[in-house]
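Here the structure is laid out as structure tokens; the discussion comes afterwards.
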Amino acid sequence: MTRVPVLSAAAVEAAVTPARAVEAVREGFVAYARGEWEMPPKVYVTNYPAGDFRAMPALGGGAALLKWVCSFPGNPARGMPTVSGVVLLSDAETGTLRAVLDAGAVTALRTGAAAVLAARTLGRTNAGRAAVIGAGVNGRAAARTFMALESPVALWDVDAARAAAVADELGADVAGSLEEALAADVLVTVTPGHELLLGEGSLAPGQHVSLMGADGPGKAEIATGELVRTRMFCDDWE
């Protein structure tokens with residue numbers, strides 16, 4: 001019987017650097033836009049207000065995969081991660097399961113890379129310092145990716161101690177206030193999405209925002225009126 005490798009979070013992080021993740025995500029976006037991959041819409045199984053489960057399939061490049069992941073915002077208070085799950089990677093020709101990967105680590109790498117890739121692709125070439133709001137797992141990943149690409153970044157979190165700890169770990173700065181972070185030329189928001197960060201009229205001309213936290217029904221980080229004032233970019237409009 002063939003053994004299936006199981007890659008832990010530490011193994012995933014050791015195998016893929018933030019810089020390589022940015023290139024992999026760029027290649028993935030391009031391949032998907034060319035129709036080389038299929039990615040049906042994710043399916044939500046909700047247990048609100050506790051959290052939700054998500055099934056996310058894809059097919060391409062000789063592989064088929066399923067990310068089965070959950071998001072339970074109350075878990076940190078229990079000493080547990082907010083995001084957990086697995087990625088199942090199979091051979092598209094035979095259906096053979098090839099590997100199981102920690103979904104939390106894959107999600108963090110991908111989220112951080114996508115946020116920074118969007119900022120570097122769509123932000124102004126003369127943009128100043130970036131800011132990340134939310135210093136959880138995915139916010140840390142975004143800040144870590146900025147730092148890996150030698151882009152200065154400031155962190156802000158409702159938990160000041162958490163923001164300071166992550167900034168100290170990464171060698172990043174801590175924003176002096178929420179208002180200072182929101183005024184950054186390049187802004188990445190990675191919050192639970194339960195409260196609006198950006199009200200109407202809050203964005204400055206030329207400011208770029210990667211909105212990563214509002215990833216499910218009932219979540220929002222920006223007011224609708226402010227969103228319609230922007231130029232929006234999306235990898236899959238449908």
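Table for the structure above
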quantity	calculated
Some residue of region 102-109 being on the phi < 0 side of the Ramachandran plot, modelled with pLDDT of 95 or more and surrounded by fewer than 20 Cβ atoms within 10 Å (Cβ to Cβ)	no
Among the candidates Val106, Val69, Val87, Val45, residue that is of a type in the set (A, V, I, L, M, F, W, C), closer than 19 Å to Ala142 by Cβ and part of a strand (DSSP E or B)	Val69
Boolean, Ala127 is within 30 Å of Leu182 (Cα to Cα), small (Gly, Ala, Ser) and either assigned to a loop (DSSP other than H, G, I, E, B) or at pLDDT below 95 (or both)	yes
Complete set of residues in region 109-124 that are assigned to a helix (DSSP H, G or I) and either free of Cβ contacts under 8 Å to residues at least 60 places away in the same chain or not small (Gly, Ala, Ser) (or both)	Leu109, Arg110, Thr111, Val116, Leu117, Arg120, Thr121, Leu122
Pick from region 46-68, criterion over 20 Å from the mean Cα position of the chain (by Cα) and of a type in the set (A, V, I, L, M), ranking: surrounded by the fewest Cβ atoms within 10 Å (Cβ to Cβ)	Ala50
Tabulated pairs, region 210-238, first surrounded by 12 or more Cβ atoms within 10 Å (Cβ to Cβ) and at pLDDT below 90, second part of a loop (DSSP other than H, G, I, E, B) and acidic (Asp, Glu), C-beta under 8 angstrom, 6+ apart or interchain	Gly213/Glu221; Ala214/Glu221
Tally of residues being without any contact (Cβ under 8 Å) to a residue 60 or more places away in the chain and either closer than 21 Å to Ala118 by Cα or in contact with a Pro (Cβ under 6 Å, 6 or more places away or on another chain) (or both) across region 148-169	7
Test: residue in region 138-160 that is within 21 Å of Arg20 (Cβ to Cβ) and of a type in the set (Lys, Arg)	yes
Residue in region 91-101 that is in the same structural domain as Arg20 (by TED's automatic domain parsing), surrounded by fewer than 17 Cβ atoms within 10 Å (Cβ to Cβ), assigned to a strand (DSSP E or B) and touching a Cys at 6+ places or on another chain (Cβ under 8 Å) present	no
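The values are calculated or read from the model by the stated rules, or taken from the named source; none is laboratory data. Computed from a predicted structure; not experimentally measured. Heads up, the Cβs are rebuilt from the backbone with ideal geometry, glycines too, and the neighbour counts pull from every protein chain shown.
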